[in-house]
Amino acid sequence: MADFNAMTEALVACDEAKVIQLVNAALSENVPAFDILNKGLIAGMDIVGEKMESGDMFIPEVLMAAQAMGNCVKILKPLLKEGESSSSGTVLIGTVKGDLHDIGKNLVAMMMESAGMTVHNIGVDIAPEEFVKQIKDKNAQIVCLSALLTTTMPMMKKTVDAIKESGLREKVKIMVGGAPVTQVFADEIGADGFAPDAGSASKLAKSLLN
Ligand code: B1M
């Protein structure tokens, strides 16, 4: 029986060795990688967020938990494949300027890659003009913007506006996501779509490509 609670607790305790051991033990019991990710790891990061907010955890500890999470995601990556996909396309993904959060964005990128799309993951703290440049350079059909901070959400609108001003708006679909982002916000800023998590982001990208 996989012990998701122990996994969550080990992540919150920043005990990377323990959390990796528990992830490997769960895999050896054929526990689905999606359950490990959602019930063990993401649940742990949610608690980390609450502790960060209440002042019970500080940035260095949050970074240690994030690193442990990232290393577990590397283990799960080959097992999170969605299965064969008939559609494929070119996607550009990045976290908007001012925002350094990348775990969720990297999961979205991974799910899209697993679904057969070519994904250019251009990192964090990406300025609107850099998104525009990369859309041109990579000939992207879809651009995905990620933001985890309410303070960086306006940068999503600036990025959408920069894409419009560059004349590329008709050539590229724009998707947005990240914990504080909503469908209403996506509509307000003129994006083509919003996805609340990595799985639905991948599905939405496929439907926008078709
Ligand atoms: Co930050 N942080 N952080 N942080 N951090 C949050 C987001 C926060 C909610 C914590 C809290 O206070 N409760 C809070 C934001 C509050 C707000 O604005 N409403 C916060 C804050 C305040 C800050 C700082 C300002 C703290 C400070 O310095 N005082 C600072 C800002 C730095 C900056 O960016 N300029 C900061 C820094 C950091 C660390 C660097 C320490 C670290 C990031 C490490 C890293 O990413 N490499 C960190 C972390 C780890 C978090 C929490 C704890 C976890 C985020 C995470 O990785 N979640 C977070 C609390 C929380 O979210 N519970 C928090 C797991 C991940 C799988 O989920 O990213 O939501 P998520 O991604 C999901 C979906 O949102 C969606 O799919 C993903 C997978 O299902 N999705 C997309 C994401 N992007 C998408 C793009 C798409 C579609 C879907 O495109 C189409």
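The values are calculated or read from the model by the stated rules, or taken from the named source; none is laboratory data. Fair warning: this is a prediction, and the values are worked out from it, not measured in the lab. Glycine gets a Cβ as well: all are built from the backbone with ideal geometry, and neighbour counts include every protein chain shown. Heavy atoms of the whole protein, side chains included, go into the accessibility calculation; ligands, DNA and RNA do not. Shrake-Rupley method; radii C 1.70, N 1.55, O 1.52, S 1.80 Å.
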In segment 178-195, is there at least one residue being open to solvent by less than 40 Å² (accessible area, probe 1.4 Å), touching a residue at least 60 places away in the same chain (Cβ under 8 Å) and either within 13 Å of the ligand (Cβ to nearest atom) or among the basic types (Lys, Arg) (or both)? yes
Got at least one residue in segment 89-99 being within 30 Å of Lys138 (Cβ to Cβ), hydroxyl-bearing (Ser, Thr, Tyr), open to solvent by 50 Å² or more (accessible area, probe 1.4 Å) and more than 12 Å from the ligand (Cβ to nearest atom)? no
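Open to solvent by 20 Å² or more (accessible area, probe 1.4 Å), more than 7 Å from the ligand (Cβ to nearest atom) and over 21 Å from Asn106 (Cβ atoms), is that true of Lys136? Steps first, please.
Values: open to solvent by 20 Å² or more (accessible area, probe 1.4 Å): yes; more than 7 Å from the ligand (Cβ to nearest atom): yes; over 21 Å from Asn106 (Cβ atoms): yes.
Yes; evaluated as a whole, the condition is true for this residue.
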Checking Cys72 against (1) open to solvent by 20 Å² or more (accessible area, probe 1.4 Å); (2) in contact (Cβ under 8 Å) with a residue 24 or more places away in the chain, which single condition isn't satisfied? (1)
Going residue by residue through segment 79-88, is there one that turns out to be assigned to a helix (DSSP H, G or I) and near the ligand (Cβ under 8 Å from one of its atoms)? no
Could you please give the count of residues in segment 17-69 that are at negative phi and more than 7 Å from the ligand (Cβ to nearest atom)? 37
Could you please let me know if Lys173 is in contact with a strand residue (DSSP E or B) (Cβ under 8 Å, 6 or more places away or on another chain), under 28 Å from Ala68 (Cβ atoms) and of a type in the set (Lys, Arg)? no
Pick out the one residue from Ile163, Ile174 that is at pLDDT 95 or above, assigned to a helix (DSSP H, G or I), open to solvent by less than 20 Å² (accessible area, probe 1.4 Å) and more than 8 Å from the ligand (Cβ to nearest atom). Ile163
Quick one: how many residues across segment 1-46 are open to solvent by 60 Å² or more (accessible area, probe 1.4 Å), in a helix (DSSP H, G or I) and under 22 Å from His101 (Cβ atoms)? 4
Here the residues within segment 114-123 that are touching a Lys or Arg at 6+ places or on another chain (Cβ under 8 Å), open to solvent by less than 50 Å² (accessible area, probe 1.4 Å) and either assigned to a helix (DSSP H, G or I) or not small (Gly, Ala, Ser) (or both) are Ser114, Met117
